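First the structure, in the form of structure tokens, and then the observations on it.
The values are calculated or read from the model by the stated rules, or taken from the named source; none is laboratory data. Small disclaimer: the values here were computed from a predicted structure and weren't measured. Counting neighbours? That spans all protein chains shown, and the Cβs are built from the backbone with ideal geometry, glycine included. Ligands, DNA and RNA are stripped out before the accessible areas are found, and what is left, the full protein with its side chains, is counted by its heavy atoms. Shrake-Rupley method; radii C 1.70, N 1.55, O 1.52, S 1.80 Å.
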Amino acid sequence: DYEAARTLFEQGSHAEAEGAFREFLRAHPRDRRVADATFYLGESYLMRTRFREAAEQYLTVTTNYSKTGRAPEAMLKLGIALRGLGAKSEACGTFNQLPVKYPNASAAIRAAVEREKVRAQC
């Protein structure tokens, strides 16, 4: 189920992927890929500029799965979704908090945070 949802996402079928990820999460709430599925559900919303729904999914990853490898990227995307909602101060706060919460985030994530801070005019 997870792989089918990922395939839909990678093919650009974001609406269909969204439904498939929701179904995966409903059917497999204890699967080891729940954090990834939640992240990709957020990605499918973000691709469709549904910023509020995207932010909710990214927040779930950073809150409930904060120790997973996906969490730093989810926090970055949370800031992007907040900026999309027009919540500039919250987006900037999220970007500023990321290196504090995830000091070992990859160089790519740290560079993306700096780019997004410029975009958000933090």
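Only Cα pairs under 8 Å and 6+ residues apart enter the sum, and on that basis the relative contact order of segment 1-62 stands at 29 percent. The smallest convex shape that holds all Cα atoms of the chain, its convex hull, gives 95 Å³ per residue.
For the chain, what is the accessible area per residue in Å², given a 1.4 Å probe and the full set of protein chains? Write out the running numbers ahead of the final one.
Numbers: 6620 Å² over 122 residues.
For the chain, the solvent-accessible area averages 54 Å² per residue.
Counting each pair of different Cα atoms once, what's the Kirkwood radius of segment 29-98 in Å, rounded to one decimal? All intermediate terms of the calculation are to be shown ahead of the outcome.
Numbers: mean 1/r = 0.0860 Å⁻¹.
Its Kirkwood hydrodynamic radius stands at 11.6 Å.
May I ask you to give the percent of accessible area on segment 1-114 that is carbon plus sulfur, with a probe radius of 1.4 Å?
Answer for segment 1-114 is 49 percent, counting heavy atoms of protein chains only.
Between the Cα long axis of helix 107-119 and the first principal axis of the chain there is an angle of about 70°, rounded to the nearest 10.
Applied to segment 67-74, the Karplus parametrisation 6.51 cos²θ - 1.76 cosθ + 1.60 on θ = phi - 60° returns per-residue 3J(HN,Hα) values of 8, 7, x, 7, 4, x, 5, 5 Hz, with x for Gly and Pro. Computed from backbone phi with θ = phi - 60° and the Karplus coefficients 6.51, -1.76 and 1.60, the 3J(HN,Hα) list for segment 76-85 is 4, 5, 4, x, 5, 5, 4, 4, x, 7 Hz; x is used for glycine and proline. For segment 36-51, 3J(HN,Hα) computed residue by residue from phi via the Karplus equation (6.51, -1.76, 1.60; θ = phi - 60°) reads 5, 4, 5, 4, 5, 5, x, 4, 5, 5, 4, 4, 9, 6, 9, 5 Hz, glycine and proline entered as x. Between Val100 and Ser13, the C-beta separation translates, for a Förster distance of 35 Å, into a calculated FRET efficiency of about 0.45.
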